[in-house]
Amino acid sequence: MGFFKKFLAKVTRTSSVTATDWDELYGELIASDLGASLTDAILASAKKSKSEEPIEAIREALTALLSSKPRTLAISETGLTTILVIGVNGTGKTTSVAKLAANISSAGNRVLLGAADTFRAAAVEQLQTWATRIGLTVITGKPNGEPAAVAFDSATKAIADNYQYLVIDTAGRLQNKADLMAELGKIKRVIEKVTPVNEVLLVVDATTGQNGLSQAKLFSEAVEVTGIVLTKLDGSARGGIALAIEHDLDLPIKWIGTGEAIADLTPFDPEIYITGILDAE
Amino acid sequence: MFESLGNRFSNAFASLRSRGKLSNSDISNVCQEIRQALLDADVALSVVEDFVGKIEVQAKEALIDLQAGANQAQVVFEIVNKELVELLGSQARRVRLAKVAPTVIMLAGLQGAGKTTLAGKLAKYFADQGDTPILVASDLQRPNAVTQLQVVGQNAGIPVFAPQPGNGVGNPVEVAREGIAFAKSKLHNIVIVDTAGRLGVDEELMQEAKDIRDAISPDEILFVVDAMTGQDAVRTAQAFQDGVGFDGVVLTKLDGDARGGAALSIVTQTGKPIMFASTGEKLADFDLFHPDRMASRILGMGDVATLAEQAKKAFSGEGAAKMEEKFARGDDFTLEDFLEQISAMSKMGSMGKILGMLPGAGAMKKQIENFDESEIVRTKAIVQSMTPTERRDPKVLNGSRRARIAAGSGRQVSEVNSLVERFTQAQKMMKQMRNGKVPAGMPAGMGLPPGAAIPGMSTPNKGNQPPKKKSRSGNPAKRAAEEQG
């Protein structure tokens, strides 16, 4: 039984929470990557709560962190919905692009992929392998070529061939590298010459610590991020940093990745997620 | 957004320093700051509490013994620094080479930690030292991981053993085993085995890692971990330690702005040293891990040791010697020399990266972030648009020459003017220095803002810092005298 369950079972029975209990609760919230200041805030609000059930007080405090923005994909009115997928290195962008495309295409939509990660060795091939498996077309460029050119070609092709969705993969980049961030801005601007970008999804690894906030902030400054894809939630990490991002930057988590198979991407359900944090082993 | 660990420590100690005499409650307050900073840096709670507890006890003990008038804040600061270095592993360890070649190194870690990229960097590192490494592609899981390793190997000029296409096809244990046999037959003295990323909780894949290990009996198993990892680092490291076991840790993506507190947690939790640090996307962005330097960086003292080492590499022997000779002869510093220096500097990496290693970098984070890297490219373009005569003697630069240079470099005439003016001033200053005079009103060289001096910079040099290269080369006459004497 996870600590929260024990804690909650205990407090609901005795309805008296000792200082040690609060300390342990503090430790659990910290271990979920919620961050020190947010954890302090959650505990303060839970302690203040007049609720008879402490379990509800904590659940409420966590729920209050959530963004109120919609969690469904924004869909274009003009016919082509363009999704740009961005993030730091190794979070699972390419895999998420493939999963997302498979999900949209299995609902009967025509999806085109753009492989604008021209930097990392074999990133294009990785996306091509996925595309072959799910039966989609990928627009590619030369290795180390101009990523914005690939994005532009993809958008032009998507319009010419009446695709309904275009999902573009980009190279992983650390958010403190100004030149690479500027490149991202260029990619978006170039696409927008042809068609609006409806979604900019930031892929965040659930194992990420407090640096996730810096990622969300700096990527948002470079291009307007519209949502989060939280990956690798099938591991032991609880991904509390995503809640911190929702709270600090008002960015909704839209999808979660839970495995290496193509179907392991599901729309984010806040209730299940918070229950997951509370029940974590 | 919270401050960096370095800034926080700086602030905590600045308030300590402003007091003459410290009380026990001052110490407690500083410890509270340190605790918060470490948590923000993703250090595991248990590690933080141990660390802060130790500091508090030691600091309070030290204060009792202190003579009045001694710098008490300095004492506390040194305790923190010492503990941090100790926590980080106190000694950088080298790879243990096998008694009978080849030395087998196996990489393991979560998905996306950077194993494949690291495999290439590690191989290049050994090849540069005269070893003959080979890479073995045992990640047959992730689509095109094998292709990626092949490309990485090609870029690094390292052979790759990849008999299986991957993408779910082939047996990674077999590939690893055959890879070792192949390496032996071709007399490679180091084998680096790349494996698939796996989660600590995935028992099946952990068993596979164990099978690979048992098949090849590696001399070193390196656990590759992303510096951005949060609190899960402790759980994952323990899972890998229990599952496959590892001998050392490699910290990747240290060029990001993550504080890297996970490193502290892993070292404390598993007792295994961090051996290497990976700091960029280029193959050469890779180094031995230095606990003392990392501690300095965390404490906001800058990473002068690394900077000096890189400078030494960049300003390679011949060029530097030539330059010194010129000075000794009394020749003028010309725009040609200037161009050479800029080129050498850009070999060291981006300006932002270089500045980030300087003491007080935390305080001028904003300036570093805003540093326009293309300024260097533009300056270079202007100088390169000059004729050799103009570079050697800028005095000939009249209006029409300047207009031509501006057109040639695609800049404004005013930019050419300002470059020439700045250069002339610098030239004058160098002349004065050579004549043994300290130039009046010499501007701060790197343009450090007045507030850049932070606590910690004044820490007495305990001999772990290299001699100040710049001041020496700036005064060749004195330097020559020193060398002779």
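The values are calculated or read from the model by the stated rules, or taken from the named source; none is laboratory data. Note that the structure is predicted; figures quoted are calculated from it, not measured. All Cβ positions, glycine included, derive from the backbone under ideal geometry; neighbour counts span all protein chains shown. These area figures cover heavy atoms from the full protein model, side chains too; ligands, DNA and RNA do not enter into them. Shrake-Rupley method; radii C 1.70, N 1.55, O 1.52, S 1.80 Å.
A few notes on this one:
- For region B:91-246, the relative contact order works out to 34 percent when only alpha carbon pairs closer than 8 Å and six or more residues apart are counted.
- Considering every alpha-carbon pair of region A:80-120, the percent of pairs per 10 Å bin, from zero through the bin containing the longest distance, is 25, 56, 18, 1.
- Burial here means at least 10 square angstrom less accessible surface with every protein chain in place than with the chain by itself, probed at 1.4 Å; in region A:153-174 the buried residues are A:Leu174.
- In a reduced charge model with +1 at each Lys and Arg Cβ and -1 at each Asp and Glu Cβ, region A:81-268 shows a dipole moment near 220 debye about its Cα centre.
- Rounded to the nearest 500, the helix-only mean residue ellipticity at 222 nm of chain A stands at -15000 deg cm²/dmol, with each DSSP H run of n ≥ 4 adding -39,500 (n - 2.57).
- Estimated at the nearest 10 Å², the accessible area of A:Ser76 is 20 Å² with a 1.4 Å probe.
- Sparse-neighbourhood loop sites, trypsin sites (Lys or Arg not before Pro) in region B:90-151 - DSSP loop, at most 12 other Cβ within 10 angstrom: B:Arg94, B:Arg96, B:Lys99
- Just so you know, the averaged projected area of the alpha carbon convex hull for region A:81-268 sits at 9.4 nm².
- Cleavage-rule hits, trypsin sites (Lys or Arg not before Pro), region B:176-273, DSSP coil, Cβ neighbours within 10 Å at most 14: B:Lys186
- Global geometry of region A:136-223, whether rounded, prolate or oblate, following the gyration tensor of its Cα atoms and the 1.5 cut on a/c: prolate
- Reported to the nearest whole Å, the Cα centre-to-centre distance from region B:127-143 to region B:173-230 is 10.
- Pairs over the 27 Å Cα-Cα cut-off, from the set B:Lys82/B:Lys124; B:Lys82/B:Lys253; B:Lys99/B:Lys282; A:Lys188/B:Lys124: B:Lys82/B:Lys124; B:Lys99/B:Lys282; A:Lys188/B:Lys124.
- Partner aspartates and glutamates for B:Lys186 [C-alpha distance under 14 Å; skip if fewer than 8 residues away on the same chain]: B:Asp131, B:Glu178
- Computed from the alpha carbon atoms alone, the convex hull of region B:103-300 holds 106 Å³ per residue.
- On full extension, the segment bounded by B:Lys186 and B:Gln154 gains 9.7 nm, given 0.36 nm per residue less the C-alpha separation.
- Set of aspartates and glutamates with alpha-carbon distance to B:Lys272 below 12 Å, sequence-local pairs under 8 removed: B:Glu220, B:Asp247
- Here, P(r) means the percent of Cα pairs in each 5 Å bin from 0 to the largest distance; for region A:14-143 it is 2, 8, 14, 14, 10, 8, 8, 10, 10, 8, 5, 2, 0, 0.
- Residue-count net charge about B:Pro143 - beta-carbon cut-off 9 Å; Lys, Arg +1, Asp, Glu -1: +1
- FRET efficiency for B:Ala127 and B:Lys82, using Cβ-Cβ distance with R0 set to 56 Å, rounded to 0.05: 0.95
- Alpha carbon centroid spacing (whole Å) that separates region A:130-197 from region A:204-230: 19 Å
- Taking GluC sites (Glu not before Pro) across region B:183-234, none is in a DSSP loop with at most 14 further Cβ atoms lying within 10 angstrom of its Cβ.
- Available extension along the chain between B:Glu421 and B:Leu288 is 43.7 nm, counting 0.36 nm per residue and deducting the alpha carbon span.
- Buried accessible surface for the A/B pair, both sides summed and rounded to the nearest 100, is 3500 Å² with a 1.4 Å probe.
- Region A:44-115-region B:372-425 distance, computed between alpha-carbon centres (Å): 52 Å
- Among A:Val203, A:Gly92, A:Val167 - extreme Cα towards positive end, dipole of region A:81-268, charges at beta-carbon: A:Val167
- Rounded accessible area of B:Ser217 (nearest 10 Å², 1.4 Å probe): 80 Å²
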